[in-house]
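The values are calculated or read from the model by the stated rules, or taken from the named source; none is laboratory data. Model, not experiment: these values are computed from the prediction. Virtual Cβ from ideal backbone geometry, glycine too; neighbours counted across all protein chains shown. Accessible surface areas use protein heavy atoms only, side chains included; no ligands, DNA or RNA. Shrake-Rupley method; radii C 1.70, N 1.55, O 1.52, S 1.80 Å.
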Amino acid sequence: MTSARRTARILAAAAALALTPVLAGCGTERAGAGAGAGAGDTAPGTTGGPPVRGDSSVDGSDASKYRENHAFQSTAELSPADRAKADAEVAKVKAGLAGIAESRRTTEPRIRAALAGLGYSSGAITTGTFGPHRNTFVLDLGAICVEGSLDGMVNGLVTAEAHGKYLEGTGCVKPVGGH
């Protein structure tokens with residue numbers, strides 16, 4: 001009988017471990033924790049802070065669950081003046097990096113050198129590699145962040161977009177993880 005009891009305990013423990021992620025309820029609605037939040041509410045933990053880009057309401061739909069699970073990637077809203085400056089920076093970066101992308105010489109050192117040549121300080125530039133042919137960059141320009149990439153397979157493709165700082169406190173670098 002002790003063998004049967006031991007097997008039952010092991011099976012019960014295994015079942016409990018298997019059900020733990022399900023019972024944690026990541027992405028589910030809980031009473032009192034944002035249930036029925038209105039479309040104008042800010043993301044959890046950001047009351048009184050800068051406006052948040054995107055809707056953080058929770059209504060149980062798939063889109064609502066996606067927004068809730070990705071709220072950690074929310075950014076501060078740019079003022080109209082900062083938005084105008086950001087759009088100009090994006091155009092400047094795309095034009096400045098087009099020559100590197102067209103010649104398919106997209107390496108991190110060349111991107112850093114080209115961005116420095118456009119007047120950005122080395123402390124404001126972060127570069128990375130995504131896959132065998134794509135290089136990424138992030139510019140931290142105070143309240144404005146410019147993120148983009150150069151694709152070595154698609155001749156001349158430079159992407160860039162601007163946004164405010166991430167509310168998770170990671171500055172211009174996209175936070176990883178979530179809840």
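Would you tally the net charge around Val93, using a Cβ to Cβ cut-off of less than 12 Å, leaving Val93 out, and scoring K and R as +1, D and E as -1? That works out to -2. Here r is the Cβ-Cβ distance between Ser79 and Thr126 and R0 is 22 Å; the resulting FRET efficiency, rounded to 0.05, is 0.40. Most tightly packed first, judged by the mean number of other beta-carbon atoms within 10 Å of their residues, the peptides 82-89, 141-148 read 141-148, 82-89.
Near Ala162, once Lys and Arg are set to +1 and Asp and Glu to -1 for all other residues with Cβ below 10 Å from its Cβ, the sum equals -3. Close amide H partners of Leu157, meaning residues 5 or more places away or on another chain with modelled amide H under 5 Å apart, are Asp151.
Potential lengthening of the chain between Ala88 and Val176 amounts to 28.9 nm, from the contour at 0.36 nm per residue minus the alpha-carbon distance. Taking 0.36 nm per residue of sequence separation and removing the Cα-Cα distance, the Leu141/Glu108 pair yields an extension gain of 10.0 nm. Overall shape of the range 137-179 was characterised from the C-alpha gyration tensor. The equivalent ellipsoid obtained from it has semi-axes of 23, 13, 6 Å, in decreasing order. Phi-derived couplings, Karplus 6.51 cos²θ - 1.76 cosθ + 1.60 at θ = phi - 60°, listed residue by residue for the range 117-122: x, 7, x, 8, 6, 4 Hz, with x used for Gly and Pro.
Each eigenvalue of the Cα gyration tensor of the range 82-167, multiplied by 5 and square-rooted, gives one semi-axis; in descending order these are 20, 13, 12 Å. Straight-line reach from Lys94: taking Cα to Cα under 28 Å and skipping same-chain neighbours fewer than 8 places apart, the lysines in range are Lys85, Lys165, Lys174.
Within the accessible surface of the range 77-179, defined with a 1.4 Å probe on protein heavy atoms only, the carbon and sulfur portion equals 55 percent.
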